[in-house]
1. Under the rule of at least 5 residues apart or a separate chain, name every residue whose amide H is placed under 5 Å from the amide H of SER63.
2. Taking 0.36 nm per intervening residue step and subtracting the Cα-Cα distance, what contour gain separates VAL133 from GLU49 on full extension?
3. Karplus couplings for segment 106-123 from phi (6.51 cos²θ - 1.76 cosθ + 1.60, θ = phi - 60°), rounded to Hz, Gly and Pro as x?
4. Quick one: net charge of GLU126's neighbours, Cβ under 13 Å, K/R +1, D/E -1?
5. Return the distance in nm (one decimal) between the two label points of a simple spin-label model at ASP206 and THR189, each offset 7 Å from Cα along Cα→Cβ.
6. From largest to smallest, what semi-axes in whole angstrom does the chain give when each is the square root of 5 times an eigenvalue of its alpha carbon gyration tensor?
7. Taking the Cα-to-Cβ direction at TRP300 and at VAL270 and moving 7 Å from each Cα, how far apart do the two end points lie in nm?
8. Loop only by DSSP, 13 or fewer other Cβ within 10 Å of the Cβ. Give me the trypsin sites (Lys or Arg not before Pro) in segment 1-69 that pass, ordered by residue number.
Amino acid sequence: MSTPRVTVFIPVHNRQRYITTAVDSILTQTFEDFELLIVDDGSTDETLEVLSSYRDPRLRVESNSRNLGIPATRNRGLELARGEYIALLDSDDIAWPNRLARQVETLDRHPELVQIGSACDFMDGEGQRLKRVRRQPLAADDVAASLAFYCALTNRTIMARTAILREQRYSEDFPRCQDYELHQRLSRTQRMANLGDILVCGREHDGRFTKQTDTLGRDRKRAICRRALDEIGISPSVEDLERHYALARPKRLGAALNDEYLDWAEQWLVQLDVANRLSQRYVPEALIRIMTERWAELCWHARCHIGAGAYLRLMRSPLTRRLPATLLRRLRA
């Protein structure tokens, strides 16, 4: 049996309603040298019956003996994958037709990259497109620095070098955010980037595991942020960690996004810059770019609570001198 260039891996649990959409989007890819590996994690609905109706030889369905959970199922997928590259997709999403071709081309051309993600648009539970696009940082240095604040790679869009992910594996201490934990850990030694192309459409619905475990997700993200700060050379207090976590989530702050928080944020970002220049954990210029964007976003959202003073703070801050002109024009509009 010949070895495919790519293993497309879909873990699935009780997705009889959506799994055919995900499978069909892979079987109609313009790039054809792949296997589609689906690992069923103890579904109790008719997911396996739906999958049994396919006769395409590229489709391979494996089943866990019992429900193992997401990290263990992802690790089993890594063990079973035969492709040089592994492309990840969730069981309720759609890969646009040129996804595999575009990402194989990129990894072939850039051997220094271990993973490549992309932009992602969205649909609702009925398949209606939403006016929402998730764009991530593109350059590898910016992706790495962003991981100190948030998950800068969208898991459903990733294609990676199978051998390296198999060696690193997903941590089973992270039933949520195991992808973010792996990316942040990989960033110590590996380079990862994103394409600006929209290559995947994610489905938003109440049945998603992330929707049902929001509190657990926040806890695991804070743990990853703490580890990232430790690697820079900062041991945050509980309050500083909570505020750091909020830097990438200004909408969640609500009325707490006030002058006092902005005072803390500006001083904190300067402290991160100083510590990072000593530790050299991230490329300093990349970390500054990411922190400056965080600062601008904070000030932009703070205008709803403190009015024009937020804009004045933005323009007077030393951080603003590093803002790209395009972002400044957008904020002024």
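1. ASP40
2. Working: separation 84, 0.36 × 84 = 30.24 nm, distance 3.33 nm.
The span from VAL133 to GLU49 would gain 26.9 nm if fully extended.
3. Using θ = phi - 60°, the values come out as 5, 5, 5, 7, 10, x, 6, 8, 8, 9, 9, x, 7, 6, 8, 9, 9, 9 Hz.
4. Result for the neighbourhood of GLU126: -1.
5. 4.5 nm
6. Numbers: eigenvalues 277, 85, 74 Å².
Value: 37, 21, 19 Å, ordered largest first.
7. 2.4 nm
8. On the way: sites: ARG5, ARG15, ARG17, ARG55, ARG58, ARG60, ARG66; in loops: ARG5, ARG15, ARG17, ARG55, ARG58, ARG66.
The qualifying sites are ARG55, ARG66.
Since every read-out is calculated from the coordinates, none of them should be taken as a lab result. The structure displayed is predicted, hence computed values, not measured ones. When we count neighbours, we look across all protein chains shown, and the Cβ atoms used for this are built from the backbone with ideal geometry, even at glycine.
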